[in-house]
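What follows is calculated from the coordinates using simple rules that are stated; it is not laboratory data. Bear in mind that the values here come from a model prediction, so they are computed numbers and not experimental data. We place every Cβ from the backbone using ideal geometry, glycine too, and count neighbours over all the protein chains shown.
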């Protein structure tokens, strides 16, 4: 992966209006679901042009699915009628975590799947044991050998009750992809409740599936014989929206975000109000105004949805580095999600990390420095740190940011920031 960087000149208030991109964490499973379509084409609208989306499309094409992206209209069209592939090379699997969803999609389409272990950001172990255990329960024979996972469902899937040990988003999505086409009823208990799960359910149902319950902890899948082509619009990206709101809360100013679902942001909007932000919402927009430094919030703990999202934690930590007072962050989802903290310290932040706890004592200002993005959301936090700091900050490893933001530099420029991409 080629290293790239962003140069940020800080201490500017943010002001302006932007349209929030389509959701990465919805686009990837929905794009993978296109593999299940045996007749007709699928069109995904509001699909963001991200490196993870491009990597997913590349995998689809190696399996025999044709993909065409209209960047101007933000539409990707797929034709999976002639899919033939049942294997994915390790190199492709290692590019992103969501590649594991091809296990369920390939098994559903062709009854077998040979693939390596998924890659993605190094924010924690994120084992796939729940995926494999659930698949075995549903009649899939699995062998793990030589760094490969070999799955076979030639004798047919066996619909069943599937209780998950924790509400894993990936495991929930993988089971939905596997069992959408089956003979009988599959029930997922302790399912993930994220809005992206609802989006996947709605897209699969548009293709002819019979799935209900997404958004609750029980999802019922009544298998159907075939799925057909469909058109579907990807939901707005709630984490991208929270990134821009966190930055505005830290820098001050007033921003207006279009194409947002405020219901998906409720817990974080409450935290932003506690920080001193004035927030107004409509059915599909949010405006945020911040006057002066943010106030510290006593404790922020990441939880499964509808709790505070782990993906928003790095951006909020960056904002809290200049808050009035101290904030304790508790990371309960991933064990290695504070890699951005030492980089924020390079900017002058006062942060103490102890395993899954971090104490952030706000300072009046930070100072520009050279920092590095080690993962997607940590990279966004580095950009916010640069926006806060006096002087110039160079954020290397910006290719990680491109996995989840179409053009973070252009978006912040539209809000009045001084930020440039240097390839």
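On the basis of the beta-carbon distance and an R0 of 25 Å, residue 354 and residue 303 show a calculated FRET efficiency of 0.80. Please work out which option in (i) 16, 25, 17, 12, 13, 12, 4, 1, 0; (ii) 24, 56, 15, 3, 1, 0; (iii) 28, 55, 17, 0 gives P(r) over Cα pairs in 20 Å bins from 0, in percent calculated from these coordinates, and answer with its label. The value matching this structure is (iii).
Pair-distance distribution P(r) for the range 158-244, from all Cα-Cα distances in 10 Å bins starting at 0: 18, 49, 26, 6, 1 percent. Of the DSSP beta bridges with both residues in the range 268-421, give the percent that are antiparallel, rounding to the nearest 5. Looking only at bridges with both residues in the range 268-421, the antiparallel portion is about 60 percent. Taking the DSSP beta bridges with both ends in the chain, the antiparallel portion is around 70 percent.
Between residue 413 and residue 89, the simple spin-label model (points 7 angstrom out along Cα→Cβ) gives 3.4 nm. Seen from every direction in turn and averaged, the convex hull around the alpha carbons of the range 24-233 projects onto 10.0 nm².
Considering only the Cα atoms of the range 195-340, their convex hull presents on average a projected area of 10.1 nm². Beyond 19 Å, the tail of the calculated P(r) for the range 1-148 holds 59 percent of the Cα pairs. Normalised by the number of residues in the chain, the mean separation of alpha-carbon contacts (under 8 Å, six or more apart) gives a relative contact order of 21 percent. Quick one: go through the range 165-209 and flag any residue whose amide nitrogen is under 12 Å from the point 7 Å out along the Cα-to-Cβ line of residue 267. What the label zone holds, given the 12 Å backbone N cut-off, is 193-195. Using a simple spin-label model with points 7 Å from Cα along the Cα→Cβ vector, what separation in nm is obtained for residue 161 and residue 226? Reported label-point gap for residue 161 and residue 226 is 3.5 nm. Mean separation of Cα pairs under 8 Å and 6 or more residues apart, divided by the residue count, gives the range 146-281 a relative contact order of 19 percent. Estimated from helices alone, the mean residue ellipticity of the chain at 222 nm is -8500 deg cm²/dmol (sum of -39500 (n - 2.57) over DSSP H runs with n ≥ 4, per residue). The radius of gyration of the Cα set in the range 352-423, together with its Dmax, comes out at 13.0, 37 angstrom.
In this simple spin-label approximation, residue 390 and residue 70 carry label points 7 Å from Cα along the Cα→Cβ vector, and these lie 5.2 nm apart. Here the range 180-228 and the range 353-368 have alpha carbon centers that stand 42 Å from each other. Beta-bridge orientation, the range 24-233: approximately 75 percent antiparallel, per DSSP, counting only bridges with both partners inside.
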